[in-house]
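Input: a single structure, listed below in structure tokens.
FYI, it's all coordinate maths here, none of it is from the lab. Fair warning: this is a prediction, and the values are worked out from it, not measured in the lab. Note: ideal-geometry Cβ built from the backbone for every residue, glycine included; neighbour counts use all protein chains shown.
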Amino acid sequence: IGMTNVMRVGGKWPGIVTFVLDFGKGSLAVLTAQILFPVSETEPETQLIFHSLAGITVVCGHVFSVFLRFKGGKGISTLFGVLAILQLNVGICAALAWAGMYLWKRISSLSAITMLAVLPWLFLLVPWVQDERPVWSMFFIFLLLSSLLIYKHRENIQRLLKGQEGQLNPNKNL
């Protein structure tokens, strides 16, 4: 389950389709929450937190799928879909962190772990750069989610430490 595994087994196009579907699932969850519970001028932070909880729920539903006996993917593509709707600028920065590491090492799991390590901090840094006040609760919410998803990568981390984590073959897979 997940884009990287599908790409390794099925090739580039099935991997892309998997990414698009998982990304769409994350986007749709947050978009639905935004439509049903629009941001009010009196309590924008409360609504933002609610929208982020909708996103976290869909990511956790992907990671702990009831259809797969509570085993699923790592949630990265779904998380990118959540970020695209929830906080686009944070999502772009997170994608750049993932892409930068991927271009350097060609290891998808290392790229995901790198992105997850910087993600909570982006919820503080991006608003600051935009002369806006950061929402600290978003930092803590995404610190918890990032910690969970890094934990889900624990087998990948063990392989990385042993130098045994596989790269995606750019000629075959990408």
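A few notes on this one:
- Here is the P(r) of the chain: all C-alpha pair distances, binned every 5 Å from 0, give 1, 9, 16, 22, 21, 15, 9, 5, 2, 1, 0 in whole percents.
- Residues of type aspartates and glutamates that LYS25 reaches as a straight line, Cα spacing below 12 Å, ignoring anything fewer than 8 places off in the same chain: none
- Gyration tensor (alpha-carbon) shape descriptor, the stretch 114-160, a/c threshold 1.5: oblate
- Candidate lysines for bridging to LYS152, where Cα separation is under 19 Å - those fewer than 8 sequence places away on the same chain excluded: LYS71, LYS74, LYS162
- With the biggest extent put first, the Cα atoms of the stretch 1-63 measure 49, 17, 13 Å across the principal axes.
- Residue-averaged [θ]222 nm for the chain, counting only DSSP H segments that reach four residues, each worth -39500 (n - 2.57): -25000 deg cm²/dmol
- Mean-position separation - Cα centroids, the stretch 109-158 and the stretch 1-46, in angstrom: 17 Å
- Global form of the stretch 34-115, assessed from the alpha-carbon gyration tensor, a/c cut-off 1.5: oblate
- Axial C-alpha extent at least 30 Å, average Kyte-Doolittle at least 0.5 - helices from the chain (DSSP): 12-36
- If R0 is taken as 45 Å, the Cβ-Cβ distance between GLU41 and ARG159 corresponds to a FRET efficiency of 0.40.
- Cβ-derived FRET efficiency at R0 35 Å, ARG106 paired with VAL66, nearest 0.05: 0.55
- Gain on full extension, evaluated as 0.36 nm per residue between VAL17 and VAL129 minus their Cα-Cα distance, stands at 36.9 nm.
- The stretch 98-174: relative contact order in percent, alpha carbon pairs under 8 Å with at least 6 residues between: 33 percent
- Between the residues GLY10, SER146, GLN130, the greatest Cα displacement towards the positive end of the dipole of the chain, with unit charges on the Cβ of Lys, Arg, Asp and Glu, is found for GLY10.
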